[in-house]
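**Q** Just dropping this structure here.
The values are calculated or read from the model by the stated rules, or taken from the named source; none is laboratory data. From a predicted model like this one, the values you see are computed outputs, not experimental measurements. Positions of Cβ are backbone-derived with ideal geometry, glycine not excepted, and every protein chain shown enters the neighbour counts. Accessible surface areas use protein heavy atoms only, side chains included; no ligands, DNA or RNA. Shrake-Rupley method; radii C 1.70, N 1.55, O 1.52, S 1.80 Å.
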Amino acid sequence: SAGRKGDERSDQREARRSMHIDDLEEVLMAVRYQRTAKLERGKWDEAMEFAAEVSEYVTTTMGFTTTWGMQVGGTYGMLHWFIDYENMAELETALLRTATDQGYRALLMGAEDCFVTGGTTDTIIYMM
């Protein structure tokens, strides 16, 4: 009946509200890191070459499987990179490594004219 379904939904909402941060470790399966960058006009070819090169570098040198793609629909000229981590600690390790790896830094510096200044966004998502 409709009343019974409403009660079930209410119970589910209450269970989510009462979940403590300590409970999340049991629920979370992975962390997804997504970097999105807007291309500069006329830099399509260079940006695509960079996307493939930096993805390969991070995958082979650092051991973090990296995929990338071009956005279809929405804002024109958006590139996305994705890396899935087992947990937040693994993501933190990766961020430290990329901040200190000279080869990675050199790749970024070599491609900075391919992207709009201030047009890069990083998103971290808990995968359920």
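**Q** Per-residue HN-Hα couplings for the range 49-54, Karplus 6.51 cos²θ - 1.76 cosθ + 1.60 at θ = phi - 60°, whole Hz, x for Gly and Pro?
**A** 4, 4, 4, 5, 5, 5
**Q** With an 8 Å cut-off on Cα pairs and a minimum separation of 6 or more residues, tell me the relative contact order of the range 28-114 in percent.
**A** With pairs under 8 Å counted, the relative contact order is 40 percent.
**Q** Which value, in Å² rounded to 10, gives the accessible area of Glu49 with a 1.4 Å probe and all protein chains present?
**A** Counting only protein heavy atoms, the figure is 130 Å².
**Q** List the trypsin sites (Lys or Arg not before Pro) within the range 34-113 that fall in a DSSP loop (any state other than H, G, I, E or B) and whose Cβ has at most 10 other Cβ atoms within 10 Å.
**A** Here the trypsin sites (Lys or Arg not before Pro) that fit, given the DSSP loop and packing criteria, are Arg41.
**Q** Sticking with this one: Excluding ligands, DNA and RNA, what is the solvent-accessible area per residue of the range 77-128 at a probe of 1.4 Å, expressed in Å²?
**A** Accessible area per residue, the range 77-128: 61 Å².
**Q** Sticking with this one: Distance between the C-alpha centers of the range 93-128 and the range 45-90? Whole Å please.
**A** 9 Å
**Q** So, one more: I want to make sure I understand the PRE zone here: with the label point 7 angstrom from the Cα of Thr60 toward its beta carbon, which residues in the range 87-128 have backbone N atoms less than 19 Å away?
**A** 98, 101-111
**Q** Still on this structure, please answer the following. DSSP loop chymotrypsin sites (Phe, Trp or Tyr not before Pro) in the range 40-80 with at most 16 other Cβ atoms within 10 Å of their Cβ, which ones?
**A** Within the range 40-80, the qualifying chymotrypsin sites (Phe, Trp or Tyr not before Pro) (loop, at most 16 other Cβ atoms within 10 Å) are Tyr76.
**Q** Quick one: which residues, 5 or more positions from Thr66 or on another chain, have an amide H under 5 Å from its amide H? H modelled 1.01 Å from N in the peptide plane, none for Pro or chain starts.
**A** Counting only residues 5 or more places away or on other chains, the set is Thr59.
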